[in-house]
Structures are given as C-alpha cells and as structure tokens.
Amino acid sequence: MASYMTSACYIIVLGISVVGLKGAEAQRAFFVFGDSLVDNGNNDFLATTARADAPPYGIDYPTRTATGRFSNGYNIPDFISQAIGAAESTLPYLDPQLNGERLLVGANFASAGIGILNDTGIQFVNIIRIYRQLQYWEEYQQRVSALIGPEQTERLINGALVLITLGGNDFVNNYYLVPYSARSRQYNLPNYVKYIISEYKKILRRLYEIGARRVLVTGTGPLGCVPAELAQRSTNGECSAELQRAASLFNPQLVQIIKELNSEIGSDVFVGVNTQQMHIDFINNPQQYGFITSKVACCGQGPYNGIGLCTVASNLCPNRDVYAFWDAFHPSERACSLIARQILSGTSEYMYPMNLSTILALDSKKN
Ligand SMILES: *[C@@H]1O[C@H](CO)[C@@H](O)[C@H](O)[C@H]1NC(C)=O
Ligand SMILES: *[C@@H]1O[C@H](CO)[C@@H](O)[C@H](O)[C@H]1NC(C)=O
C-alpha cells in the first residue's frame, strides 16, 4: 500500500495533475488479457461454471481463500506484478473495489474459458470473450481519463506492461472438445491453426491500436502433457501426440506473427514467451526443478488426478510445491513462479526477442 499513500500525499501537496504524472511514472501499470491461466477472479462476478471460487483453490494464497485464480496460490500475473515492483497485484476488472487511485495500478480483464475465437468456450455461456476484454480496456481508459486527464492516461497506457495468454482453449474447449466438433469438421489441424493465428494477429493489432506498447504474448504450453490429457487420451502416460502436434504448429506461427507485427510497427512491441519450452523443462526433468512429478495433478481424481474438477472432494497432495500441476490443466503456484522467473531473465530460447528485465532496463532509459 505504500505507494498509494505516497500518491495520496501528492494530491494534498501538489494537486491532481502532478498526481497522475507521479502515479504513472513511479509505478508502471500492468494489464492482463486472456484465459484461466491468467484470470484472477473476473469469472467470480459472472454466471458461469468456469470458476475457481471454492476450496481447495487458493489454499496457499496469503488469505487462504479461493480468489478465482486457477492456482493453489498466486498465478503468473501476480509474479509479474512483483517483478515490476508493483505494490499489489492488479484487481479483476469486474471487482467493485477497482476504482479511484487503485485504477492506476492497472487491471486484469482475463476470463476463464475464453479463446481467440468467439465460439471457443461456448459451454461456459457467460464469460468475457477477448473482444469484450478489449472493449473493457477502452472503458477503463475513459474512467482513468476522468481521474487524471487524457494526456496522463495516454502516458499510463503507453508506458504499461501488458500480458496476453490465449490459444489453449481454442484446442481443448473447441477443436478437440467433442470428437467431431464443428471446427474440426470445417478445418484440418494445420488449417485450423492458420485460421486462429490469423485471428490472433487481428487481436494483437487491436491491442496496439488502443495503446499497448509492451506486450508479453505467451504461447500455449505442451497441451498434450497436462494431467487431463494424460488421463483421457494417452497410453502409458505419454503426452497426447495429437495435442502436442497442435501446440507445435501453433507456437512457431505465433512467433512468426510477432515478428511480422513488430516489423510493421517498427518497434519491439510484442514479446513472445515460450511457455511450451518452460513447461517441457519441468516435464523432461521434474526433479531438477524440485518437483516429484509433472504428470499427476495435486488436486483431482482418476488417473493422474486428471479427471473432472478440483473440488473439496478431490484428492489433494499435502505439499503443493512439489507438483508441477495444481489441477488437471493449470500449473501450481511454484511452477508459475518458475515460469515468471524465466519471463524475467530467460535466454532467447525462452523469450523472443528479449526478456522482461531487458525490457524494464530499456524502458527506464526512455523516461
Ligand atoms: C468476434 O466478435 C467480434 C465482436 O464481438 C467481431 O468483431 C469479430 O469479428 C468476431 N470474430 C470472428 C472471427 O467472427
Ligand atoms: C535476460 O535477463 C538477464 C538479466 O536478468 C540478462 O543478464 C540476460 O542477458 C538476458 N538474456 C537475454 C537473452 O536477453
């Protein structure tokens, strides 16, 4: 809370316009878009089944309560907030507590179940699809503008760090949802990937148009290796070849559109995060990262604890820190912290064209 108190003092001493300037400079705002890997509670405010609002979710969170994060504790955005020196995590955009000075910290617009395509996650009914998330960001900008004026708002938005995580659900909650989904009848896998990548490019372009200047874009993890797929599709605990093929088609094409967009814009606005490689490291050598398993989820039931939802009735591992997966689809808090560490200081194998510490160093020189 310290920096809010500092800002409050400026209100008294120097007047509102200076507050905005100090607020924007002292602390870089952070905005998050995407799906359940980065949702921190928006879905708790919606009528949907895609929610992490009950124990044992949040069992290791500081408050020991379910927050809407699909994790036992913090998720990746929380660790990124910490890495950029934010006083606290961003609030979910739908949280009524997100107003006044707190808006200047940023906001999280993510919603579990969504994808690149509007028809991804339709079974979850009432979720915030990506174009709606972008509209909410524009609405947010108007609210901040009323608070600190249009010029300071533009500074805050252009100076912000943005994270977007999309794509996994376009496979697991769309193309592969039922054996003959509409999309899988319409497209073979390579053409489907081409299609969703071309749609993703439009979304990224739109993010730039409405003000984003530094955007971390995560690829999908190794989709075929999550406990849910091991339980449903694999033989002998090997990663599902079909979903691995999907991830290995998607991720390189994502890096390709990042290159194209950056060269169109003439600046490294978009930064690719190779979450596939980060996860594969855990999967190939869990012990090296302090995990006893990267196959069995900590919370769940059935083979690999990969069937159904994580609920109070599920198996629950005693030490969450030694599991790479918290539930059938989502990394544990400790896995999230390791991924965030790679985002911050990973080599070019993990971060294209540069890591977050390089971004922070470059951008601090600009101001
Ligand atoms: C998804 O919906 C948005 C509006 O909500 C629209 O602009 C966009 O074109 C749609 N995408 C596709 C692929 O239909
Ligand atoms: C990433 O960040 C670290 C600083 O933590 C830096 O030393 C390193 O050179 C960077 N790696 C690349 C490939 O940019």
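The values are calculated or read from the model by the stated rules, or taken from the named source; none is laboratory data. If you're wondering where the values come from, they're calculated on a predicted model, not measured in any experiment. Methodologically, a virtual Cβ is constructed for each residue, glycine included, from the backbone with ideal geometry; neighbour enumeration extends over all protein chains shown.
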| said: Criterion first (under 29 Å from residue 49 (Cα atoms) and in contact (Cβ under 8 Å) with a residue 12 or more places away in the chain) does residue 222 satisfy it? | reply: yes
| request: State all residues of the range 161-216 that are over 15 Å from residue 254 (Cα atoms), out of contact with any helix residue (DSSP H, G or I) (no Cβ under 8 Å at 6 or more places or on another chain) and in contact (Cβ under 8 Å) with a residue 60 or more places away in the chain; if no residue qualifies, say none. | output: 169, 182
| remark: Of the residues in the range 237-252, those that are within 20 Å of residue 327 (Cα to Cα), without any contact (Cβ under 8 Å) to a residue 60 or more places away in the chain and surrounded by fewer than 19 Cβ atoms within 10 Å (Cβ to Cβ) number 2
| All positions within the range 78-134 that are within 16 Å of ligand 2 (Cβ to nearest atom), at negative phi and surrounded by fewer than 23 Cβ atoms within 10 Å (Cβ to Cβ) | 79, 82, 83, 84
| query | Being away from ligand 1 (no atom under 16 Å from the Cβ) and closer than 30 Å to residue 315 by Cα, is that true of even one residue in the range 259-276? | reply | yes
| Here are some residues: 28, 64, 51, 102. Which one is among the charged types (D, E, K, R) and without any contact (Cβ under 8 Å) to a residue 12 or more places away in the chain? | 64
| task | Can you give me the number of residues within the range 156-165 that are surrounded by fewer than 19 Cβ atoms within 10 Å (Cβ to Cβ) and assigned to a helix (DSSP H, G or I)? | result | 1
| Of these, 181, 198, which one is exposed (fewer than 14 other Cβ atoms within 10 Å of the Cβ) and away from ligand 2 (no atom under 16 Å from the Cβ)? | 198
| said: Suppose we keep only residues that are free of Cβ contacts under 8 Å to residues at least 24 places away in the same chain and in a loop (DSSP other than H, G, I, E, B) within the range 338-354. Which one would you say is nearest to ligand 1 (Cβ to nearest atom)? | reply: 348
| query | Between residues in the range 75-90 that are under 8 Å from residue 105 (Cβ atoms) and residues that are modelled with pLDDT under 95 and of a type in the set (Phe, Trp, Tyr), which pairs lie under 9 Å by C-beta distance while being six or more apart or on different chains? | reply | 87/4; 88/4
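Among the listed residues 151, 138, identify the single one that is of a type outside the set (Phe, Trp, Tyr), in contact (Cβ under 8 Å) with a residue 12 or more places away in the chain and part of a helix (DSSP H, G or I).
So the residue among 151, 138 that is of a type outside the set (Phe, Trp, Tyr), in contact (Cβ under 8 Å) with a residue 12 or more places away in the chain and part of a helix (DSSP H, G or I) is 138.
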| query | How many of the residues in the range 176-189 are out of contact with any Lys or Arg (no Cβ under 9 Å at 6 or more places or on another chain) and part of a helix (DSSP H, G or I)? | reply | 5
| query | Within the range 254-276, is there a residue that is under 19 Å from residue 331 (Cα atoms), out of contact with any Cys (no Cβ under 7 Å at 6 or more places or on another chain) and among the acidic types (Asp, Glu)? | reply | no
| task | Please work out which residue is nearest to ligand 1 (Cβ to nearest atom), limiting yourself to the range 299-328 and to residues that are surrounded by fewer than 24 Cβ atoms within 10 Å (Cβ to Cβ) and on the phi > 0 side of the Ramachandran plot. | result | 308
| message | Residue under question is residue 80, and the condition is that it be outside any loop (DSSP other than H, G, I, E, B) and within 17 Å of the chain's Cα centre (by Cα); does it hold? | response | yes
| said: So, in the range 91-125, exactly how many residues are under 21 Å from residue 183 (Cβ atoms) and away from ligand 1 (no atom under 12 Å from the Cβ)? | reply: 8
| task | Tell me, yes or no, whether the range 244-257 has at least one residue that is more than 15 Å from residue 175 (Cβ to Cβ) and either assigned to a loop (DSSP other than H, G, I, E, B) or charged (D, E, K, R) (or both). | result | no
| query | What is the one condition in (1) modelled with pLDDT of 95 or more; (2) crowded, with 20+ Cβ neighbours inside 10 Å that residue 60 does not satisfy? | reply | (2)
| task | Search the range 329-354 for residues being surrounded by fewer than 20 Cβ atoms within 10 Å (Cβ to Cβ) and closer than 13 Å to residue 84 by Cα, and hand back the single one that is farthest from ligand 2 (Cβ to nearest atom). | result | 341
| Does the range 281-289 contain any residue that is away from ligand 1 (no atom under 16 Å from the Cβ), at pLDDT 95 or above, buried (at least 19 other Cβ atoms within 10 Å of the Cβ) and among the polar types (S, T, N, Q)? | no
